[in-house]
Amino acid sequence: MKLLLDSKRCIACGLCLREHPELFDLDDRGIAHFKKNLTSDSSVEIDSKKAKDLRSTITNCPGKAFRIDR
Ligand code: SF4
């Protein structure tokens, strides 16, 4: 499955970086994106365990910027 991040919805709160620094970086405006070594676009492949680990981040993202594509 894929985790998708719509950076246009990000309000730069920093939550995803604090909870999953292995996946995310922030740009100079604080907008989240996936680490460059993981992907060249706005999605990464994740397994079901990672999807479970990400559940609270996805739910609590104030911009509702995340979506899981199964
Ligand atoms: S949790 Fe959501 S709003 Fe906050 S930095 Fe990450 S993508 Fe942006």
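The values are calculated or read from the model by the stated rules, or taken from the named source; none is laboratory data. This is a predicted model, so every value here is computed, not measured. Every residue, glycine as well, gets a Cβ built from its backbone with ideal geometry; the counts of neighbours run over all protein chains shown.
A few points about this structure:
- Members of the stretch 28-56 found to be touching a strand residue (DSSP E or B) at 6+ places or on another chain (Cβ under 9 Å) and of a type in the set (V, I, T), listed by number: T39, V44, I46
- Answer residue from the stretch 10-24, given it is of a type in the set (D, E, K, R) and exposed (fewer than 15 other Cβ atoms within 10 Å of the Cβ) and is farthest from P62 (Cα to Cα) among those: E22
- Here the condition is being more than 10 Å from the chain's Cα centre (by Cα), more than 14 Å from the ligand (Cβ to nearest atom), modelled with pLDDT of 95 or more and surrounded by 10 or more Cβ atoms within 10 Å (Cβ to Cβ); of D47, D53, D27, it holds for D53 alone.
- Listed by position, the strands (runs of 3 or more DSSP E) enclosed by the stretch 18-68 that each have at least 3 residues that are more than 17 Å from M1 (Cα to Cα) are 24-26.
- Where L5 falls short, out of the listed (1) near the ligand (Cβ under 7 Å from one of its atoms); (2) exposed (fewer than 15 other Cβ atoms within 10 Å of the Cβ); (3) in contact (Cβ under 8 Å) with a residue 60 or more places away in the chain: (2)
- When residues of the stretch 30-44 are limited to those that are small (G, A, S) and more than 10 Å from the chain's Cα centre (by Cα), the one farthest from C10 (Cα to Cα): S40
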